[in-house]
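The values are calculated or read from the model by the stated rules, or taken from the named source; none is laboratory data. These numbers come from a predicted model, not from an experiment. All Cβ positions, even for glycine, are placed from backbone atoms using ideal geometry, and neighbour counts span all protein chains on display. Note: accessible area is taken over every heavy atom of the protein model, side chains too, but ligands, DNA and RNA are not part of it. Shrake-Rupley method; radii C 1.70, N 1.55, O 1.52, S 1.80 Å.
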Amino acid sequence: MVLAASQPGGVQPCGTVYLVGAGPGDPGLFTLRGKGLLECADVVIHDALVSAPILAMINPQATVIDAGKRRGRHSLGQEEINQLIVEQAQVHAVVVRLKGGDPFVFGRGGEEMAALVAAGIAVEVVPGITAGVAVPAYAGIPVTHRSQSSSVTFVTGHESAGKYRPRVNWRALAQGSETIVVYMGIHNLGTITAELLAADLSPATPVALIRWGTYPQQETLIGTLATIVAQVAAAGFEAPAIAVIGSVVNWHQVFSHCRPTGTIWPDR
């Protein structure tokens, strides 16, 4: 669906912006709709974690702009990115904002859509597979299981300053969800595990950290709430990674050999 808001005088910008989810990395998980848009785009503004094979799908004549953010190395602020997208749409017909995962799952797609609608620019969202589902699956971990987990919570471990409320209530999550999937949680892992333990979650609760999920170099570190912080330090385990907390992690031992095949990763 394309959303548009009229500008004063009924004048419409010439372009449409497509907020496209690139998925977690494996190009085999990218949508056909997204691929078609990349092939005809005039401009592509992409995030840091979009994989190289997906970037290779971009129209060779398109202008490609890297607006990616990494911890401690932010190239552009979010307001600057919003303005950049608006400016490109005012002079180009097809503008793709290519975002890792899904645009509306911790991807700031809602903020970008709001800015575009306010500027009177047509915008369409193309969902992508979010890492919180795909990455555990590639590690052999089902985020729900009929005999173990009927609830799953997706939560960010890296909250923005000045947000709508002070912080995630980790203690409430410990009692309210059987599986917790944490995006961007490596740098705050010590605080997260301490809060969950303080809420009487068992120290033996299984934890999986999955780095570079769905990429050929995917790595999984298995521990418990009591041990995982020390394991991260000992292994030098770094972002980007997803954390899965709950008994479903135990399925990794059973299903880890069932990693998906038949994708189009180079040399995989």
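If you take all other residues with their beta carbon under 15 Å from the beta carbon of LEU225, and give Lys and Arg +1 and Asp and Glu -1, the sum is -2. In sequence order, segment 49-64 has phi-based couplings of 9, 7, 6, 4, x, 6, 4, 5, 7, 5, 3, x, 8, 6, 7, 10 Hz under the Karplus curve 6.51 cos²θ - 1.76 cosθ + 1.60, θ = phi - 60°, and Gly or Pro positions carry x.
Note on the chain: Cα convex hull, mean projected area over all directions, 15.5 nm². In this label model, GLN83 and THR31 are separated by 3.0 nm, measuring between points 7 Å along each Cα→Cβ vector. The figure for THR153 is an accessible area of roughly 40 square angstrom, using a 1.4 Å probe on the protein chains alone. One way to sum up the overall shape of segment 102-148 is the equivalent ellipsoid from its Cα gyration tensor, whose semi-axes run 33, 9, 8 Å, largest first.
For the chain, averaging the sequence separation of C-alpha pairs within contact (under 8 Å, six or more residues apart) and dividing by the residue count gives a relative contact order of 22 percent. Length available on full extension from SER256 to GLU111: 0.36 nm per residue minus the Cα-Cα distance, which gives 48.5 nm. Among residues other than LEU201 with Cβ under 12 Å from its Cβ, the summed charge is -2 (Lys and Arg +1, Asp and Glu -1). Of the trypsin sites (Lys or Arg not before Pro) in segment 86-188, the ones in a loop by DSSP (not H, G, I, E or B) with at most 16 other beta carbons within 10 Å are ARG146, LYS163, ARG167. Amide H to amide H, with H built 1.01 Å from N, THR224 comes under 5 Å of VAL207, counting only residues 5 or more places away or on other chains.
Couplings 3J(HN,Hα) of segment 106-118, computed from phi: 6, x, 6, x, x, 5, 5, 4, 4, 5, 5, 4, 4 Hz, in residue order, whole Hz [Karplus 6.51 cos²θ - 1.76 cosθ + 1.60, θ = phi - 60°; x for Gly and Pro]. Using θ = phi - 60° in the Karplus curve 6.51 cos²θ - 1.76 cosθ + 1.60, the 3J(HN,Hα) couplings for segment 229-243 round to 5, 5, 5, 4, 5, 5, 8, x, 6, 10, 5, x, 8, 10, 10 Hz; x is entered for Gly and Pro.
Computed from label points 7 Å out along Cα-Cβ, the spacing between ALA226 and ALA204 is 0.8 nm. The fraction of accessible area contributed by carbon and sulfur in segment 127-254 is 56 percent, rounded to a whole number (1.4 Å probe; ligands and nucleic acids excluded). Considering the dipole of the chain built from charges on the beta carbon (Lys and Arg +1, Asp and Glu -1) around the Cα centre, which of SER51, VAL95, PHE255 is farthest to its positive end? With unit charges placed on the Cβ atoms, the residue in question is PHE255.
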